[in-house]
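**Q** Here it is, the structure, as structure tokens.
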Amino acid sequence: MIRIRALRPAMPALALAMLLSACATRAPVPGAPLPGRRAQAPEAAPAMSPKMAAAAEALSQMAELQDRLYKVAAPLLISNADLCKAQARNLLGFTAKNRHSYPAQLNEAAHLAFGMGERLQVTGVLAGSGAARAGLERGDELISAGGKPLPVGPNASTLAGAVFGPLVSSKTNLAMAIERDGKARELTIPVTRACGFAVELGNADNVNAYADGQRIMVTRGMLQFTRDTQELAYVMAKTMAHNMLGHAAAQRNSSTLGSIIDNLVRVHPDLSMLIGSGGIKAMPQELDAAADHLALYLLARARYDIDSAASFWKRLATTVPVNVLNGYVANHPATAFRLAAIDKTVGEIKAKQASGRALVP
């Protein structure tokens, strides 16, 4: 499922209940009204120190990259819920944070620059989700869910999960009270079925993507490498497929990958963890080809184009070859074997599309 976790690694309960792994969220620039809001009369803003301004800029840059990840992931997660099986979840389709969702100096930066307070505030609404259909907007403050008051303050994110979890698992719609522009509103949010993988931004410049069974992480370096939405979708679908097929556990890589993801979600990760191979075992060609096979179906079902998949992976293997440690190809070295599997699967999918058969691998 999608969470805004690039700033700290701990919001599991809230994210599981509220988010469906692909919420588009973008932090506003300091002093700008939230998207979808009417501009308010300007107030005198407290002066920010250079350190605080740098922290606010870091938040903005990370939010930009997260926004791109979530938008690409949304159709993959929603369109393939029936293929995720045990990993599918009933979720609402939004993320929420308050100032305490950010550590140390970022806490104050979020408060001064973005208007974050003690209440949980919607930071992203997933296109196509129940939250989007109900009219929930970024900037809405959360008051109650199912008639139960939602917590505020330092532990609001964790405590809110205890409220949302039982409600979302047992209902098809959830009544929520929010505050928008100083006015209370009531919304009824339909539950959305989606693949329940967290989508994370990795704050590192190595060109890679990681899957630990529960999360999908794409590094800043990989985001910069991908030229467009389509190429990023190839990476995210492949990483998602590894999770669906249980490959991290099969390779006994789950704990190593989990540690790398926990580290890279931080604003200032310990990059020494990426020295050498980072402890990751290279993916065997048979498992990698199986993930490519499933990924192409995920892409086609989400209405992404699959024709350029092979050329993208060829370009990646040429630009960031197998000898570049902690690059994607170093962890997935069987490029020729993978390309053969991709070509075969593309033909298989096109034959099914032409004959009107279901796109089921």
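The values are calculated or read from the model by the stated rules, or taken from the named source; none is laboratory data. Everything numeric here is computed off the predicted structure, so don't read it as measured data. Heads up, the Cβs are rebuilt from the backbone with ideal geometry, glycines too, and the neighbour counts pull from every protein chain shown. Calculation scope for accessible area: heavy atoms of the full protein, side chains included, ligands and nucleic acids excluded. Shrake-Rupley method; radii C 1.70, N 1.55, O 1.52, S 1.80 Å.
**Q** If you check Arg38, Arg3, which single one turns out to be in contact with a strand residue (DSSP E or B) (Cβ under 7 Å, 6 or more places away or on another chain), modelled with pLDDT under 50, open to solvent by 10 Å² or more (accessible area, probe 1.4 Å) and assigned to a loop (DSSP other than H, G, I, E, B)? If you could, list the steps in order and put the result at the bottom.
**A** Details: Arg38 fails: in contact with a strand residue (DSSP E or B) (Cβ under 7 Å, 6 or more places away or on another chain).
The unique qualifying residue is Arg3.
**Q** Looking at the structure I just gave you, is Met236 closer than 22 Å to Gly130 by Cα, modelled with pLDDT of 95 or more and surrounded by 23 or more Cβ atoms within 10 Å (Cβ to Cβ)?
**A** In short, no.
**Q** Right, next: Looking only at segment 97-120, filter to residues that are part of a loop (DSSP other than H, G, I, E, B) and of a type in the set (Gly, Ala, Ser); which one of those is most open to solvent (accessible area, probe 1.4 Å)?
**A** Gly115
**Q** Only residues that are β-branched (Val, Ile, Thr) and in contact with a Phe, Trp or Tyr (Cβ under 9 Å, 6 or more places away or on another chain): list them for segment 149-196, please. Spell out how you get there, then give the answer.
**A** Step one: of segment 149-196, the residues β-branched (Val, Ile, Thr) are 152, 158, 163, 168, 172, 178, 188-189, 191-192.
The one that is β-branched (Val, Ile, Thr) and in contact with a Phe, Trp or Tyr (Cβ under 9 Å, 6 or more places away or on another chain): Ile189.
**Q** Quickly run through segment 243-257 and pick out the residues that are out of contact with any Leu (no Cβ under 8 Å at 6 or more places or on another chain), buried (at least 17 other Cβ atoms within 10 Å of the Cβ) and closer than 26 Å to Leu83 by Cβ. Walk me through it before giving the result.
**A** Here is the first cut: in segment 243-257, the residues out of contact with any Leu (no Cβ under 8 Å at 6 or more places or on another chain) are 243, 246, 249, 252-257.
Now restrict to residues that are buried (at least 17 other Cβ atoms within 10 Å of the Cβ): 243, 253-254, 256-257.
Those that are out of contact with any Leu (no Cβ under 8 Å at 6 or more places or on another chain), buried (at least 17 other Cβ atoms within 10 Å of the Cβ) and closer than 26 Å to Leu83 by Cβ: Asn243, Asn253, Ser254, Leu257.
**Q** Looking at (1) modelled with pLDDT of 95 or more; (2) closer than 28 Å to Leu59 by Cα; (3) of a type in the set (Val, Ile, Thr), find the lone condition where Val199 falls short.
**A** Going through (1) modelled with pLDDT of 95 or more; (2) closer than 28 Å to Leu59 by Cα; (3) of a type in the set (Val, Ile, Thr) one by one, Val199 breaks only (1).
**Q** Same structure, new question: Name, by its number, the condition in (1) more than 21 Å from Val324 (Cβ to Cβ); (2) at pLDDT 95 or above that does not hold for His268.
**A** It fails just one condition, (2).
**Q** One residue is enough: does segment 100-113 have a residue meeting the conditions out of contact with any Pro (no Cβ under 7 Å at 6 or more places or on another chain), modelled with pLDDT under 85 and among the acidic types (Asp, Glu)?
**A** Pass one, segment 100-113, residues out of contact with any Pro (no Cβ under 7 Å at 6 or more places or on another chain): 101-111.
Next, from what is left, pick out any that are modelled with pLDDT under 85: 101-111.
Checking which are among the acidic types (Asp, Glu) leaves us with 108.
The answer is yes, given that some residue of segment 100-113 is out of contact with any Pro (no Cβ under 7 Å at 6 or more places or on another chain), modelled with pLDDT under 85 and among the acidic types (Asp, Glu).
**Q** In segment 134-159, which residue that is within 20 Å of the chain's Cα centre (by Cα) and at pLDDT 90 or above is farthest from Ala194 (Cα to Cα)? Give the derivation first.
**A** We begin by selecting, within segment 134-159, every residue within 20 Å of the chain's Cα centre (by Cα); these are 136-139, 157-158.
Among the residues that remain, those that are also at pLDDT 90 or above are: 136-137.
Working: Leu136: 18, Glu137: 20 Å.
The qualifying residue farthest from Ala194 (Cα to Cα) is Glu137.
**Q** Then there is this: When residues of segment 323-357 are filtered for being open to solvent by 70 Å² or more (accessible area, probe 1.4 Å), at pLDDT 95 or above and of a type outside the set (S, T, N, Q), how many remain?
**A** Residues that pass the stated criteria total 7.
**Q** Right, here's the next one. Would you confirm whether or not segment 121-133 contains a residue that is closer than 30 Å to Tyr234 by Cβ, open to solvent by 10 Å² or more (accessible area, probe 1.4 Å), out of contact with any helix residue (DSSP H, G or I) (no Cβ under 9 Å at 6 or more places or on another chain) and touching a residue at least 24 places away in the same chain (Cβ under 8 Å)?
**A** Yes, that holds for at least one residue.
**Q** For segment 258-292: of the residues being in a helix (DSSP H, G or I) and touching a Pro at 6+ places or on another chain (Cβ under 6 Å), which is least open to solvent (accessible area, probe 1.4 Å)?
**A** Here the residue is Asn263.
**Q** Checking the condition out of contact with any Gly (no Cβ under 8 Å at 6 or more places or on another chain), over 20 Å from Gly139 (Cβ atoms), at pLDDT below 80 and in a helix (DSSP H, G or I), which residue from Ala53, Ala13, Ala17, Ala47 passes?
**A** Numbers: Ala13 fails: out of contact with any Gly (no Cβ under 8 Å at 6 or more places or on another chain); Ala17 fails: out of contact with any Gly (no Cβ under 8 Å at 6 or more places or on another chain); Ala47 fails: in a helix (DSSP H, G or I).
Criteria check complete, one pass: Ala53.
**Q** Condition (residue is in contact (Cβ under 8 Å) with a residue 24 or more places away in the chain and under 18 Å from the mean Cα position of the chain (by Cα)) applied to segment 170-183: is it met by at least one residue?
**A** No, every residue in segment 170-183 fails to be in contact (Cβ under 8 Å) with a residue 24 or more places away in the chain and under 18 Å from the mean Cα position of the chain (by Cα).
**Q** Another question, if that's okay. Considering each residue of segment 274-302, count those that are among the hydroxyl-bearing types (Ser, Thr, Tyr) and either within 13 Å of Ala211 (Cβ to Cβ) or without any contact (Cβ under 8 Å) to a residue 60 or more places away in the chain (or both), and give that number.
**A** Taking segment 274-302 first, the residues among the hydroxyl-bearing types (Ser, Thr, Tyr) are 277, 297.
Imposing the further condition that a residue be either within 13 Å of Ala211 (Cβ to Cβ) or without any contact (Cβ under 8 Å) to a residue 60 or more places away in the chain (or both) reduces the set to 277.
Residues flagged as among the hydroxyl-bearing types (Ser, Thr, Tyr) and either within 13 Å of Ala211 (Cβ to Cβ) or without any contact (Cβ under 8 Å) to a residue 60 or more places away in the chain (or both) within segment 274-302 amount to 1.
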